[in-house]
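*Asks:* Handing you this structure, nothing more for now.
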Amino acid sequence: MVRLTREVRFSVDRDWAGHVEFTRPITNSWGGWPSAVGLVPYLQLRATVVGRPDPRTGYLCNISVLDDLLRRHAIPLVADELRAHGWRVSVEHVLQTIWQGVARECPPQAPLAALELRATPHLSYTIEREHPTMVLLSQQFEFSAAHRLHCPDLSDEENRRTFGKCNNPRGHGHNYLVEITVAGPPDPRTGAVLPLPRFEQIVKDQVVDRLDHKHLNDDTEEFRTVNPSVENIARVIWDLLVGQVAPARLHRVRVWETPKTWAEYAGA
Ligand code: NI
(Lines give C-alpha, C1' and ligand atoms only; values in the text may rest on other atoms or scores of the structure.)
Protein backbone atom coordinates (compact mmCIF):
# COMPACT_ATOMS: atom_id res chain seq x y z
CA MET A 1 0.00 0.00 0.00
CA VAL A 2 1.16 3.51 -0.78
CA ARG A 3 0.08 6.75 0.85
CA LEU A 4 -0.06 9.78 -1.43
CA THR A 5 -0.52 13.30 -0.06
CA ARG A 6 -1.55 16.39 -1.98
CA GLU A 7 -1.66 19.92 -0.54
CA VAL A 8 -3.84 22.71 -1.88
CA ARG A 9 -3.26 26.29 -0.79
CA PHE A 10 -6.00 28.82 -0.82
CA SER A 11 -7.24 32.04 0.61
CA VAL A 12 -10.84 32.93 1.27
CA ASP A 13 -12.75 36.00 2.14
CA ARG A 14 -16.43 36.34 2.94
CA ASP A 15 -17.36 37.12 -0.65
CA TRP A 16 -15.92 33.99 -2.21
CA ALA A 17 -18.91 31.72 -1.58
CA GLY A 18 -20.82 31.20 -4.77
CA HIS A 19 -18.30 33.14 -6.82
CA VAL A 20 -15.55 30.58 -7.21
CA GLU A 21 -14.57 29.85 -10.79
CA PHE A 22 -12.95 26.45 -10.38
CA THR A 23 -11.73 26.45 -13.97
CA ARG A 24 -9.75 29.64 -13.53
CA PRO A 25 -6.02 28.92 -13.89
CA ILE A 26 -3.65 29.42 -11.00
CA THR A 27 -1.55 32.49 -11.78
CA ASN A 28 1.03 32.38 -8.98
CA SER A 29 3.90 29.90 -8.96
CA TRP A 30 3.29 28.70 -5.40
CA GLY A 31 -0.02 27.10 -6.37
CA GLY A 32 -2.30 29.20 -4.19
CA TRP A 33 -5.81 29.74 -5.47
CA PRO A 34 -7.84 31.73 -4.71
CA SER A 35 -4.81 33.82 -3.82
CA ALA A 36 -4.84 36.35 -1.02
CA VAL A 37 -6.21 39.82 -1.63
CA GLY A 38 -5.89 42.06 1.38
CA LEU A 39 -5.88 40.54 4.86
CA VAL A 40 -7.59 37.16 4.62
CA PRO A 41 -6.87 33.65 5.95
CA TYR A 42 -4.29 31.66 4.00
CA LEU A 43 -4.96 27.95 4.47
CA GLN A 44 -3.33 24.68 3.51
CA LEU A 45 -5.39 21.53 3.13
CA ARG A 46 -3.58 18.18 2.82
CA ALA A 47 -5.35 15.04 1.65
CA THR A 48 -3.72 11.63 1.98
CA VAL A 49 -5.09 8.73 -0.03
CA VAL A 50 -4.01 5.13 0.33
CA GLY A 51 -3.94 2.13 -1.98
CA ARG A 52 -2.02 0.30 -4.69
CA PRO A 53 -0.79 2.37 -7.65
CA ASP A 54 -1.96 1.43 -11.14
CA PRO A 55 0.78 -0.90 -12.48
CA ARG A 56 0.70 0.77 -15.90
CA THR A 57 0.74 4.49 -14.98
CA GLY A 58 2.29 4.23 -11.52
CA TYR A 59 -0.46 6.56 -10.32
CA LEU A 60 -2.47 5.90 -7.18
CA CYS A 61 -4.67 8.88 -7.97
CA ASN A 62 -4.28 11.76 -10.38
CA ILE A 63 -3.47 14.81 -8.27
CA SER A 64 -5.72 17.00 -10.42
CA VAL A 65 -8.64 14.88 -9.11
CA LEU A 66 -7.56 15.62 -5.54
CA ASP A 67 -7.06 19.32 -6.29
CA ASP A 68 -10.56 19.56 -7.68
CA LEU A 69 -12.11 17.66 -4.76
CA LEU A 70 -10.30 19.69 -2.13
CA ARG A 71 -11.05 23.07 -3.68
CA ARG A 72 -14.69 22.29 -4.46
CA HIS A 73 -15.43 20.99 -0.98
CA ALA A 74 -13.33 23.47 0.98
CA ILE A 75 -13.45 26.93 -0.54
CA PRO A 76 -17.22 27.63 -0.65
CA LEU A 77 -17.70 25.97 2.74
CA VAL A 78 -14.94 27.95 4.46
CA ALA A 79 -16.25 31.16 2.93
CA ASP A 80 -19.83 30.37 4.03
CA GLU A 81 -18.69 29.49 7.55
CA LEU A 82 -16.65 32.68 7.83
CA ARG A 83 -19.59 34.72 6.63
CA ALA A 84 -21.93 33.01 9.11
CA HIS A 85 -19.67 32.79 12.17
CA GLY A 86 -16.68 35.11 11.61
CA TRP A 87 -13.81 34.39 13.94
CA ARG A 88 -16.04 32.10 16.04
CA VAL A 89 -15.93 29.49 13.27
CA SER A 90 -15.36 25.91 14.45
CA VAL A 91 -12.41 24.62 12.43
CA GLU A 92 -13.23 21.12 13.68
CA HIS A 93 -16.76 21.38 12.24
CA VAL A 94 -15.42 22.80 8.94
CA LEU A 95 -12.90 19.97 8.63
CA GLN A 96 -15.50 17.29 9.41
CA THR A 97 -17.77 18.67 6.70
CA ILE A 98 -14.91 18.80 4.17
CA TRP A 99 -13.96 15.23 5.14
CA GLN A 100 -17.47 13.93 4.47
CA GLY A 101 -17.57 15.50 1.01
CA VAL A 102 -14.05 14.53 -0.05
CA ALA A 103 -14.20 10.98 1.41
CA ARG A 104 -17.48 10.35 -0.41
CA GLU A 105 -16.06 11.36 -3.80
CA CYS A 106 -12.54 9.93 -3.60
CA PRO A 107 -11.88 7.28 -6.27
CA PRO A 108 -12.62 3.76 -4.93
CA GLN A 109 -9.03 2.62 -5.59
CA ALA A 110 -7.65 5.56 -3.56
CA PRO A 111 -9.80 6.11 -0.46
CA LEU A 112 -9.12 9.07 1.80
CA ALA A 113 -6.81 8.10 4.68
CA ALA A 114 -6.24 11.49 6.32
CA LEU A 115 -7.20 15.12 5.87
CA GLU A 116 -5.23 17.93 7.52
CA LEU A 117 -6.22 21.58 7.60
CA ARG A 118 -3.33 23.86 8.51
CA ALA A 119 -4.81 27.01 10.02
CA THR A 120 -1.34 28.52 10.64
CA PRO A 121 2.19 27.11 10.24
CA HIS A 122 1.96 26.13 13.93
CA LEU A 123 -1.64 24.96 14.29
CA SER A 124 -3.32 22.14 12.41
CA TYR A 125 -6.41 19.95 12.53
CA THR A 126 -6.48 16.37 11.19
CA ILE A 127 -9.03 13.63 10.66
CA GLU A 128 -7.85 10.05 10.14
CA ARG A 129 -9.84 7.32 8.43
CA GLU A 130 -9.64 4.97 11.45
CA HIS A 131 -11.56 7.44 13.67
CA PRO A 132 -13.52 9.78 11.40
CA THR A 133 -15.58 11.28 14.25
CA MET A 134 -12.42 12.43 16.07
CA VAL A 135 -10.32 15.47 15.28
CA LEU A 136 -6.61 15.68 16.08
CA LEU A 137 -5.52 19.16 17.13
CA SER A 138 -1.78 19.92 16.87
CA GLN A 139 -0.15 23.07 18.16
CA GLN A 140 3.54 23.96 18.31
CA PHE A 141 5.28 25.61 21.26
CA GLU A 142 8.87 26.70 21.88
CA PHE A 143 11.17 26.82 24.85
CA SER A 144 14.91 27.33 25.34
CA ALA A 145 16.90 25.30 27.81
CA ALA A 146 20.36 24.04 28.66
CA HIS A 147 21.20 20.41 29.29
CA ARG A 148 24.08 18.03 29.77
CA LEU A 149 23.91 14.44 28.63
CA HIS A 150 25.46 12.44 31.42
CA CYS A 151 24.76 9.15 33.19
CA PRO A 152 26.06 8.89 36.75
CA ASP A 153 26.22 5.09 36.37
CA LEU A 154 28.89 5.41 33.67
CA SER A 155 32.51 6.43 34.21
CA ASP A 156 33.63 9.90 33.07
CA GLU A 157 35.45 8.26 30.17
CA GLU A 158 32.38 6.23 29.13
CA ASN A 159 30.21 9.36 29.37
CA ARG A 160 32.62 11.28 27.15
CA ARG A 161 32.76 8.42 24.65
CA THR A 162 28.97 8.01 24.55
CA PHE A 163 27.83 11.62 24.51
CA GLY A 164 30.85 13.47 23.05
CA LYS A 165 30.60 17.24 23.34
CA CYS A 166 27.04 16.85 24.67
CA ASN A 167 28.77 15.70 27.88
CA ASN A 168 30.56 19.05 28.39
CA PRO A 169 30.46 19.62 32.16
CA ARG A 170 28.70 22.98 32.03
CA GLY A 171 26.15 21.93 29.40
CA HIS A 172 24.94 23.63 26.25
CA GLY A 173 21.64 25.02 24.98
CA HIS A 174 18.89 24.33 22.47
CA ASN A 175 15.82 26.11 21.21
CA TYR A 176 13.33 23.27 21.52
CA LEU A 177 10.23 23.08 19.33
CA VAL A 178 7.40 21.00 20.77
CA GLU A 179 4.30 19.85 18.93
CA ILE A 180 1.48 18.65 21.15
CA THR A 181 -1.39 16.71 19.57
CA VAL A 182 -4.64 16.12 21.40
CA ALA A 183 -7.61 14.18 20.06
CA GLY A 184 -11.31 13.87 20.64
CA PRO A 185 -14.76 14.42 19.26
CA PRO A 186 -15.60 18.13 18.97
CA ASP A 187 -17.83 19.40 21.78
CA PRO A 188 -21.34 19.74 20.28
CA ARG A 189 -21.83 23.09 22.04
CA THR A 190 -18.52 24.85 21.33
CA GLY A 191 -17.41 22.84 18.28
CA ALA A 192 -13.94 22.52 19.82
CA VAL A 193 -11.90 19.41 20.70
CA LEU A 194 -10.22 21.55 23.35
CA PRO A 195 -10.65 25.34 23.37
CA LEU A 196 -7.36 26.83 22.14
CA PRO A 197 -6.88 29.34 24.98
CA ARG A 198 -7.26 26.47 27.46
CA PHE A 199 -4.91 24.23 25.46
CA GLU A 200 -2.25 26.94 25.41
CA GLN A 201 -2.66 27.71 29.12
CA ILE A 202 -2.27 24.02 30.04
CA VAL A 203 0.93 23.65 27.98
CA LYS A 204 2.29 26.93 29.36
CA ASP A 205 1.59 25.92 32.98
CA GLN A 206 2.66 22.29 32.73
CA VAL A 207 5.56 22.45 30.27
CA VAL A 208 6.85 25.84 29.16
CA ASP A 209 6.95 27.54 32.57
CA ARG A 210 8.61 24.45 34.03
CA LEU A 211 11.36 24.03 31.41
CA ASP A 212 11.90 27.37 29.64
CA HIS A 213 15.24 29.11 30.34
CA LYS A 214 16.23 26.38 32.79
CA HIS A 215 19.21 24.10 33.04
CA LEU A 216 17.25 20.88 32.74
CA ASN A 217 19.66 18.76 34.82
CA ASP A 218 20.08 21.28 37.64
CA ASP A 219 16.89 23.33 37.73
CA THR A 220 14.09 20.83 37.15
CA GLU A 221 12.80 17.95 39.25
CA GLU A 222 11.91 15.98 36.13
CA PHE A 223 15.51 15.61 34.94
CA ARG A 224 17.30 15.37 38.28
CA THR A 225 17.76 11.64 37.72
CA VAL A 226 16.66 11.35 34.06
CA ASN A 227 19.18 12.04 31.30
CA PRO A 228 17.67 14.94 29.27
CA SER A 229 18.02 13.41 25.81
CA VAL A 230 15.43 14.53 23.27
CA GLU A 231 13.82 11.09 23.60
CA ASN A 232 13.43 11.54 27.35
CA ILE A 233 12.25 15.14 26.97
CA ALA A 234 9.39 13.91 24.74
CA ARG A 235 8.49 11.27 27.31
CA VAL A 236 8.64 13.69 30.25
CA ILE A 237 6.44 16.21 28.43
CA TRP A 238 3.95 13.41 27.74
CA ASP A 239 3.91 12.56 31.45
CA LEU A 240 3.40 16.21 32.39
CA LEU A 241 0.40 16.56 30.06
CA VAL A 242 -1.34 13.19 30.09
CA GLY A 243 -4.57 13.49 32.06
CA GLN A 244 -4.42 17.30 31.91
CA VAL A 245 -6.12 17.91 28.56
CA ALA A 246 -9.68 16.69 29.29
CA PRO A 247 -12.14 16.42 27.67
CA ALA A 248 -9.62 15.67 24.89
CA ARG A 249 -6.95 13.03 25.34
CA LEU A 250 -3.26 13.35 24.68
CA HIS A 251 -2.39 11.76 21.34
CA ARG A 252 1.30 12.51 20.61
CA VAL A 253 4.24 14.66 21.71
CA ARG A 254 6.97 15.60 19.22
CA VAL A 255 10.10 17.44 20.29
CA TRP A 256 12.65 18.92 17.89
CA GLU A 257 16.06 19.44 19.50
CA THR A 258 17.33 20.90 16.23
CA PRO A 259 15.65 21.09 12.82
CA LYS A 260 17.51 17.85 12.01
CA THR A 261 16.76 15.87 15.19
CA TRP A 262 13.37 15.13 16.76
CA ALA A 263 11.67 12.48 18.83
CA GLU A 264 8.05 11.59 19.36
CA TYR A 265 6.22 9.70 22.06
CA ALA A 266 2.63 8.55 22.16
CA GLY A 267 2.52 6.69 25.47
CA ALA A 268 3.33 3.05 26.20
NI1 NI B 1 22.14 18.92 23.29
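The values are calculated or read from the model by the stated rules, or taken from the named source; none is laboratory data. As the structure is a computational prediction, the values presented were derived from the model and not from experiment. All Cβ positions, even for glycine, are placed from backbone atoms using ideal geometry, and neighbour counts span all protein chains on display. We work out accessible area using only protein heavy atoms, side chains counted, and drop any ligands, DNA or RNA first. Shrake-Rupley method; radii C 1.70, N 1.55, O 1.52, S 1.80 Å.
*Asks:* So, LEU196, is that one within 29 Å of ARG88 (Cα to Cα), in the same structural domain as TRP256 (by TED's automatic domain parsing), within 16 Å of the ligand (Cβ to nearest atom) and surrounded by 12 or more Cβ atoms within 10 Å (Cβ to Cβ) or not?
*Replies:* The answer is no for LEU196.
*Asks:* Could you count how many residues in the stretch 129-144 are surrounded by fewer than 14 Cβ atoms within 10 Å (Cβ to Cβ) and either of a type in the set (Phe, Trp, Tyr) or in a loop (DSSP other than H, G, I, E, B) (or both)?
*Replies:* Counting residues in the stretch 129-144 that are surrounded by fewer than 14 Cβ atoms within 10 Å (Cβ to Cβ) and either of a type in the set (Phe, Trp, Tyr) or in a loop (DSSP other than H, G, I, E, B) (or both) gives 3.
The rows are residues; the columns are (1) under 23 Å from GLU7 (Cα atoms); (2) not acidic (Asp, Glu).
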position: ALA119; (1), (2): yes, yes
position: THR126; (1), (2): yes, yes
position: GLU130; (1), (2): yes, no
position: ASP156; (1), (2): no, no
position: ASN167; (1), (2): no, yes
position: ARG170; (1), (2): no, yes
position: ARG189; (1), (2): no, yes
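*Asks:* While we're looking at this one, here's another question. For the stretch 189-232, which residues satisfy the criterion of being farther than 21 Å from GLY243 by Cβ and in contact with a Gly (Cβ under 9 Å, 6 or more places away or on another chain)?
*Replies:* HIS215, LEU216, ASN217, ASP218
*Asks:* So GLY101 passes all but one of these: (1) out of contact with any strand residue (DSSP E or B) (no Cβ under 9 Å at 6 or more places or on another chain); (2) open to solvent by 30 Å² or more (accessible area, probe 1.4 Å); (3) over 20 Å from ALA263 (Cα atoms). Which condition number does it fail?
*Replies:* GLY101 satisfies all of (1) out of contact with any strand residue (DSSP E or B) (no Cβ under 9 Å at 6 or more places or on another chain); (2) open to solvent by 30 Å² or more (accessible area, probe 1.4 Å); (3) over 20 Å from ALA263 (Cα atoms) except (2).
*Asks:* Continuing with the same structure: When only residues in the stretch 145-188 that are closer than 20 Å to LEU250 by Cα and within 16 Å of the ligand (Cβ to nearest atom) count, which is surrounded by the most Cβ atoms within 10 Å (Cβ to Cβ)?
*Replies:* TYR176
*Asks:* Out of (1) free of Cβ contacts under 8 Å to residues at least 60 places away in the same chain; (2) assigned to a helix (DSSP H, G or I); (3) touching a Cys at 6+ places or on another chain (Cβ under 9 Å), what's the single condition that is false for CYS61?
*Replies:* Here CYS61 meets the rest and fails (2).
*Asks:* In addition: What is the number of the single condition among (1) assigned to a helix (DSSP H, G or I); (2) surrounded by fewer than 18 Cβ atoms within 10 Å (Cβ to Cβ); (3) in contact with a strand residue (DSSP E or B) (Cβ under 6 Å, 6 or more places away or on another chain); (4) not acidic (Asp, Glu) that GLN109 does not meet?
*Replies:* In the conditions (1) assigned to a helix (DSSP H, G or I); (2) surrounded by fewer than 18 Cβ atoms within 10 Å (Cβ to Cβ); (3) in contact with a strand residue (DSSP E or B) (Cβ under 6 Å, 6 or more places away or on another chain); (4) not acidic (Asp, Glu), GLN109 misses (1) alone.
*Asks:* Cβ contacts < 8 Å: first residue under 15 Å from ARG189 (Cα atoms) and modelled with pLDDT of 90 or more, restricted to the stretch 77-96; second residue in a helix (DSSP H, G or I) and open to solvent by 40 Å² or more (accessible area, probe 1.4 Å), any location; separation 6+ or different chain. Result?
*Replies:* Sorted first by the residue in the stretch 77-96, then by its partner, the pairs are VAL89/LEU82.
*Asks:* If LEU60 meets every condition in (1) modelled with pLDDT under 95; (2) in contact with a Pro (Cβ under 6 Å, 6 or more places away or on another chain) apart from one, which number is that one?
*Replies:* Of (1) modelled with pLDDT under 95; (2) in contact with a Pro (Cβ under 6 Å, 6 or more places away or on another chain), only one is false for LEU60: (1).
*Asks:* Given the criterion surrounded by 17 or more Cβ atoms within 10 Å (Cβ to Cβ), within 22 Å of TYR125 (Cα to Cα) and touching a residue at least 12 places away in the same chain (Cβ under 8 Å), identify the matching residue among VAL207, VAL230, VAL242, VAL236.
*Replies:* Unique residue meeting the criteria: VAL207.
*Asks:* Also, I was wondering about something else. Residue by residue through the stretch 22-36, note down the ones that are assigned to a loop (DSSP other than H, G, I, E, B) and surrounded by 10 or more Cβ atoms within 10 Å (Cβ to Cβ).
*Replies:* PHE22, ILE26, ASN28, GLY31, TRP33, PRO34, SER35, ALA36
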